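Q: Dropping the structure in here first, questions after.
The values are calculated or read from the model by the stated rules, or taken from the named source; none is laboratory data. The structure presented is a predicted model; accordingly, all values stated were derived computationally and were not measured. Note that we place each Cβ from the backbone using ideal geometry, even for glycine, and neighbour counts take in every protein chain shown. Surface accessibility is based on the protein's heavy atoms, side chains included, excluding ligands, DNA and RNA. Shrake-Rupley method; radii C 1.70, N 1.55, O 1.52, S 1.80 Å.
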Amino acid sequence: MIHSRFLLLFGLVLPVLLCCSRVSESSYLDLKVVESTPEGRHLRHYPADGVKVGVNPPGFTWTGHESANKYCFVLFQDSIGEKICLTREELTSTVAPLKEKLKPGEYSWLVVYCDSAGQNTGRSQLRKFSLEQGLPALVMPDMAQLERELREVRPRLFLTPPVLAHIREAVEAGEMPFWEFCRHLADSALAEPLYPEPAPYRDGKFEASEWRRIYTPGKVGSAHMVRLALVWKITGEQKYLEGAKKWLVHIAGWDPNGITSYNLPLPDGSNGNDEAGMPILERMAMAYDWIGEELNAEEKTLVLSSLKERGNQMLDYYTGKSFISAPWSNHAVRALAFTGLAGLAALGELPEAEKWLDYVIRCYLTSFPTWGSDDGGWSQGLSYWSAYMLWQTSFIDALQLCSDVNLYKKPFFRNNGYFAVFFHPPYATRGGFGDHGEAAPTLAEKLLVQRYARAFEDPVLLWQADNIQYNESHLNRLQVLQGVRDWKEWFMEDVVAILSAPPSGLKPQSPAGLPRAKLLRDIGWATMHSDLGNAENDVWVLFKSSHYGSFSHSHADQNSFQVNAYGKSLIIDSGYYPWYGSPHHNLWTRMTRAHNSILINGRGQPSGTMAASGTIEEFEHTEALTVVTGECARAYNLPMNEHTVNQWEEHLDEPLPGMEPEAQVVRRTIVFAHHRETPWIVVHDYLKTEGPATFDYLLHALEEMQLDQENQHLFVKSGEVGLDVYLLSPERLDFRQSDKFPVAPEDRCEGAADEWHFTASTVEKTDEMRFLALMIPRRLGEGTDTGPKVKRLDYGTVQGFQVGEEKVLAWWGTGEKGIFSATGSEDNAKLIIEYTEKGKNRQHIIR
């Protein structure tokens with residue numbers, strides 16, 4: 001595929017050719033379908049076949065083909081590929097945004113693959129979609145027109161005259177959150193000496209502490225310039241303007257192609273530090289927009305020169321990597337927002353800014369979001385979601401405030417706030433899968449969901465934001481315990497809070513009326529609640545089996561789950577995140593054994609690859625029960641990467657697990673009984689391997705567990721909440737637990753609280769294995785330490801539990817499922833749940 005920036009941009013801006021006369025309408029369909037199956041780091045086809053799209057027009061994406069040097073995108077104004085609506089030829093990327101709305105109706109589309117000689121080598125499948133009346137319009141804007149509209153507009157970024165007037169009024173009335181804290185930080189910035197430009201890596205070699213040494217002055221210094229400029233715009237006090245100019249001009253004088261560049265190769269063999277380059281680009285753009293008119297000619301030239309070099313670095317990176325077609329660099333996803341802000345700030349003053357902005361908006365309209373889709377999920381986990389989307393929505397807010405382009409119309413953004421409502425309610429103490437999964441909802445998450453509540457006037461999202469307990473008293477405690485350094489670095493939450501005030505006139509509304517279970521098929525996450533929105537009474541389970549695998553900030557945790565109850569975390573993801581790829585992180589936190597999963601001959605799933613994926617095969621939700629099933633055998637049949645193997649051999653004494661036998665079936669089904677007073681959870685596992693193997697059933701908790709191997713029972717406790725776990729298997733199990741990590745948490749997480757790790761291991765090897773676990777949460781203490789009575793059931797080829805008056809029955813014969821004749825049923829199934837709903841006995845069959 002051609003990676004030239006010129007060819008990419010040329011291909012993307014070709015005019016639409018209506019009813020192309022050079023190609024007959026039937027010839028496209030005559031081409032052979034040779035479409036590649038999207039696996040690993042490939043874009044999926046969007047819109048998928050048969051969907052109703054949520055915006056007009058959709059942004060089209062497709063899976064690349066190895067034979068293709070270029071692509072021809074063809075859109076038909078019907079569902080059967082007869083009437084050509086438009087074509088775009090000579091495309092060098094695998095996306096196509098449109099510049100005009102489409103008429104409501106039925107459409108279909110395909111892509112033709114063209115080789116380097118210009119010959120067609122085949123096509124994709126024909127996919128149909130429908131456009132309903134009244135959908136929000138979201139077209140690719142004309143950059144030249146946008147430049148003309150903004151030519152005389154300053155400031156453009158956030159502080160438009162109505163917004164600035166509102167902020168000043170709120171500050172005057174004492175109603176602006178974080179204002180005093182922001183001004184305090186601005187005053188401290190005035191007192192600080194300018195930081196020298198960081199020296200390169202010692203000996204040109206990356207090392208974590210050196211990495212932080214280099215990026216810290218860029219993060220802190222760039223935050224200084226923004227805070228000072230903001231406080232000047234609000235107060236008009238000259239000292240803040242002079243401070244902002246001083247920091248802006250100083251950092252603009254750093255070599256933009258040196259150690260603070262965005263990953264540029266340097267003469268000593270190292271690369272620039274993107275964690276320095278990203279905030280400098282973002283915050284220099286903001287400060288320039290707010291105080292640029294106060295700079296003299298020399299200062300202005302210096303700042304624009306630095307912006308030009310840093311912005312061009314980003315566009316060169318994006319086009320060189322074909323990022324729009326392969327958007328898998330996590331930091332580059334983040335930097336889209338910063339590049340977009342720089343494009344807006346410099347539009348009309350730097351010719352290059354138009355290209356930056358054009359590229360960024362094309363990404364947002366098509367292949368963004370990298371880590372999810374219309375359902376609103378973010379596969380990198382809740383912590384990375386809140387951080388990254390706070391940055392992304394900053395650009396979206398800025399663009400919307402100064403133009404007619406509203407990216408919030410995209411279905412992903414409309415649904416994204418509910419990612420938190422269902423998977424990270426404000427009363428969660430931990431949550432989610434992926435790096436920093438040990439974190440409760442943060443201030444960044446509060447501000448993000450608050451932005452969504454304002455953008456969509458959504459009372460449920462406002463409830464979510466309002467109930468995240470993080471206020472200025474926390475800041476005072478942070479100053480005592482940690483100092484204010486972090487507030488000068490990463491998110492500038494105080495600045496964000498001032499720039500995006502909460503919605504006025506909107507009343508919060510509990511999510512209690514929403515469905516109590518949710519599947520995000522885009523990322524392979526599911527959640528089930530007993531009493532969503534009720535902090536004191538909610539029990540909830542999270543489950544994951546994702547096509548994103550263990551790539552980037554995701555973990556090797558397909559088919560794993562977590563259990564929370566009554567405000568406590570009971571079954572948890574284990575491990576900490578000292579830094580990305582640290583020995584503790586890579587040899588524990590990211591690995592399958594740190595999760596509530598199963599090992600085969602001691603082998604888990606490899607980390608760091610999308611290929612180690614899972615699939616949610618079934619999701620069924622009723623008022624009484626939710627059933628979710630995931631399958632992930634493929635993830636167990638891949639080796640560890642070389643880096644992990646090397647770390648293992650350096651830091652661990654235990655031998656590397658082998659790759660035999662092959663996993664043929666690894667299927668887990670979770671059943672959640674949605675009783676508000678006595679909810680219970682069933683976890684059913686069936687595994688089949690090519691040859692005999694041992695199996696380790698893993699659970700993790702914050703406190704020491706009570707084990708009863710004879711009765712195959714364990715008790716998990718967290719504060720005044722407990723969880724009874726009853727475990728059945730056809731093989732004899734050896735119970736054990738430990739509070740030791742194979743590699744202790746380093747650096748920032750050193751001394752973190754111990755966690756407890758339970759393993760139930762098969763004593764004998766077998767090529768077919770099943771587990772059935774019943775989990776019942778309960779409050780502890782006087783008058784509350786009760787739960788439904790549990791009885792084990794044994795019908796030979798059917799085993800299970802009676803829970804009060806309800807039953808869980810599992811096939812226990814040969815194979816994954818069979819006839820339940822021993823219980824008087826002729827159903828061919830793997831599980832049968834007998835339960836009560838509204839006083840009536842019911843049966844749910846899981847085949």
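Q: Please verify whether H547 is part of a loop (DSSP other than H, G, I, E, B) and in contact (Cβ under 8 Å) with a residue 24 or more places away in the chain, treating the condition exactly as stated.
A: Taking the combined requirement at face value, the residue satisfies it.
Q: Right, next: Would you mind finding the one in L461, L448 that is within 25 Å of R168 (Cβ to Cβ), surrounded by 15 or more Cβ atoms within 10 Å (Cβ to Cβ) and at pLDDT 95 or above?
A: Details: L461 fails: within 25 Å of R168 (Cβ to Cβ).
Every option except L448 fails the conditions.
Q: Output the number of residues of the range 697-710 satisfying the condition of being part of a loop (DSSP other than H, G, I, E, B) and either out of contact with any Leu (no Cβ under 7 Å at 6 or more places or on another chain) or more than 30 Å from E536 (Cα to Cα) (or both). Even if it seems obvious, please write down each step before you answer.
A: Taking the range 697-710 first, the residues part of a loop (DSSP other than H, G, I, E, B) are 702-705, 709-710.
Restricting the remaining residues to those that are either out of contact with any Leu (no Cβ under 7 Å at 6 or more places or on another chain) or more than 30 Å from E536 (Cα to Cα) (or both) gives 702-704, 709-710.
Going through the range 697-710 one residue at a time, the tally reaches 5.
Q: Continuing with this model, one more query. Please work out which one of (1) surrounded by 13 or more Cβ atoms within 10 Å (Cβ to Cβ); (2) part of a loop (DSSP other than H, G, I, E, B) is the condition E152 fails and give its number.
A: The single condition E152 does not satisfy is (1).
Q: From the list K245, K239, exactly one residue is in a helix (DSSP H, G or I), within 19 Å of L157 (Cα to Cα), open to solvent by 10 Å² or more (accessible area, probe 1.4 Å) and at pLDDT 95 or above. Which is it? Please lay out each step first, then the result.
A: Numbers: K239 fails: within 19 Å of L157 (Cα to Cα).
The conditions single out K245.
Q: Now a separate question. Tell me, which strands (runs of 3 or more DSSP E) wholly within the range 561-679 include 2 or more residues that are among the hydroxyl-bearing types (S, T, Y)? Working first, answer last.
A: Numbers: elements: 568-571, 598-600, 615-621, 625-631, 663-673.
Of the strands (runs of 3 or more DSSP E) lying wholly inside the range 561-679, those with at least 2 residues that are among the hydroxyl-bearing types (S, T, Y) span 625-631.
Q: Within the range 49-67, restricting attention to residues that are in a loop (DSSP other than H, G, I, E, B) and under 15 Å from F412 (Cα atoms), which residue is most open to solvent (accessible area, probe 1.4 Å)? Break it down stepwise before answering.
A: Looking only at the range 49-67, we keep the residues that are in a loop (DSSP other than H, G, I, E, B), and these are 49-50, 53-55, 57-59, 62-67.
Among the residues that remain, those that are also under 15 Å from F412 (Cα atoms) are: 53-55, 57-59.
Details: V53: 8, G54: 28, V55: 9, P57: 5, P58: 2, G59: 10 Å².
Once the filter is applied, the top-ranked residue is G54.
Q: Taking into account only those residues within the range 763-801 that are of a type in the set (V, I, T) and open to solvent by 10 Å² or more (accessible area, probe 1.4 Å), which is farthest from the chain's Cα centre (by Cα)? Don't jump to the end; show me each part of the working.
A: Just the residues of the range 763-801 that are of a type in the set (V, I, T), to begin with: 763, 766, 776, 784, 786, 790, 797-798.
This time we only want the ones that are open to solvent by 10 Å² or more (accessible area, probe 1.4 Å), so: 763, 766, 784, 786, 790, 797.
Details: V763: 39, T766: 38, T784: 38, T786: 38, V790: 39, T797: 42 Å.
So, considering only residues that are of a type in the set (V, I, T) and open to solvent by 10 Å² or more (accessible area, probe 1.4 Å), the one farthest from the chain's Cα centre (by Cα) is T797.
Okay, residues lined up against (1) touching a helix residue (DSSP H, G or I) at 6+ places or on another chain (Cβ under 6 Å); (2) modelled with pLDDT under 95; (3) over 22 Å from E275 (Cβ atoms); (4) open to solvent by 20 Å² or more (accessible area, probe 1.4 Å):
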position: W328; (1), (2), (3), (4): no, no, no, yes
position: R334; (1), (2), (3), (4): yes, no, no, no
position: A337; (1), (2), (3), (4): yes, no, no, no
position: G340; (1), (2), (3), (4): yes, no, no, no
position: A345; (1), (2), (3), (4): yes, no, no, no
position: A353; (1), (2), (3), (4): yes, no, yes, no
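Q: Confirm whether A556 is assigned to a loop (DSSP other than H, G, I, E, B), closer than 28 Å to E649 by Cβ, aliphatic (A, V, I, L, M) and open to solvent by 10 Å² or more (accessible area, probe 1.4 Å). Before the answer, list the steps.
A: Details: assigned to a loop (DSSP other than H, G, I, E, B): yes; closer than 28 Å to E649 by Cβ: yes; aliphatic (A, V, I, L, M): yes; open to solvent by 10 Å² or more (accessible area, probe 1.4 Å): no.
So A556 does not fit the description; no.
Q: Still on this model: Just the residues that are among the basic types (K, R) and part of a loop (DSSP other than H, G, I, E, B), please, taken from the range 155-200.
A: Initially, the range 155-200 is screened for residues among the basic types (K, R), giving 156, 168, 183.
R156 - this is the single residue of the range 155-200 that is among the basic types (K, R) and part of a loop (DSSP other than H, G, I, E, B).
Conditions (1) in contact with a helix residue (DSSP H, G or I) (Cβ under 9 Å, 6 or more places away or on another chain); (2) open to solvent by less than 50 Å² (accessible area, probe 1.4 Å); (3) among the hydrophobic types (A, V, I, L, M, F, W, C); (4) free of Cβ contacts under 8 Å to residues at least 40 places away in the same chain, marked per residue:
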residue	(1), (2), (3), (4)
H621	no, no, no, no
L625	no, yes, yes, no
T629	no, yes, no, no
R634	no, no, no, yes
L638	no, no, yes, yes
H643	yes, no, no, no
W648	yes, yes, yes, no
E654	yes, no, no, no
G658	no, yes, no, no
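Q: Restricting to the range 176-232, and then to whatever is among the charged types (D, E, K, R) and over 33 Å from the mean Cα position of the chain (by Cα), can you tell me which residue is most open to solvent (accessible area, probe 1.4 Å)?
A: Looking at residues that are among the charged types (D, E, K, R) and over 33 Å from the mean Cα position of the chain (by Cα), I get R202.
Q: Can we say L698 is touching a helix residue (DSSP H, G or I) at 6+ places or on another chain (Cβ under 7 Å) and not polar (S, T, N, Q)? Give the steps one after another, and end with the answer.
A: Numbers: touching a helix residue (DSSP H, G or I) at 6+ places or on another chain (Cβ under 7 Å): yes; not polar (S, T, N, Q): yes.
Taking the combined requirement at face value, the residue satisfies it.
Q: So, one more: Might you check whether a residue that is at pLDDT below 95, among the small types (G, A, S), in contact with a strand residue (DSSP E or B) (Cβ under 7 Å, 6 or more places away or on another chain) and open to solvent by less than 50 Å² (accessible area, probe 1.4 Å) occurs anywhere in the range 101-116?
A: no
Q: Within the range 107-120, is even one residue in a loop (DSSP other than H, G, I, E, B) and under 29 Å from the mean Cα position of the chain (by Cα)? Let's see the steps before the verdict.
A: To start, the set of residues in the range 107-120 that are in a loop (DSSP other than H, G, I, E, B) comprises 115-119.
Right, trim to under 29 Å from the mean Cα position of the chain (by Cα) and you get none.
Taking every residue of the range 107-120 in turn, none turns out to be in a loop (DSSP other than H, G, I, E, B) and under 29 Å from the mean Cα position of the chain (by Cα).
Q: To continue, here is another question. Starting from the range 819-841, keep only residues that are without any contact (Cβ under 8 Å) to a residue 24 or more places away in the chain and among the small types (G, A, S), then list their pairs with residues that are in a loop (DSSP other than H, G, I, E, B) and surrounded by fewer than 19 Cβ atoms within 10 Å (Cβ to Cβ) whose Cβ atoms are within a distance under 6 Å, requiring at least 6 positions of separation or different chains.
A: Going by the 6 Å Cβ cut-off, the qualifying pairs are A829/K817; A829/R847.
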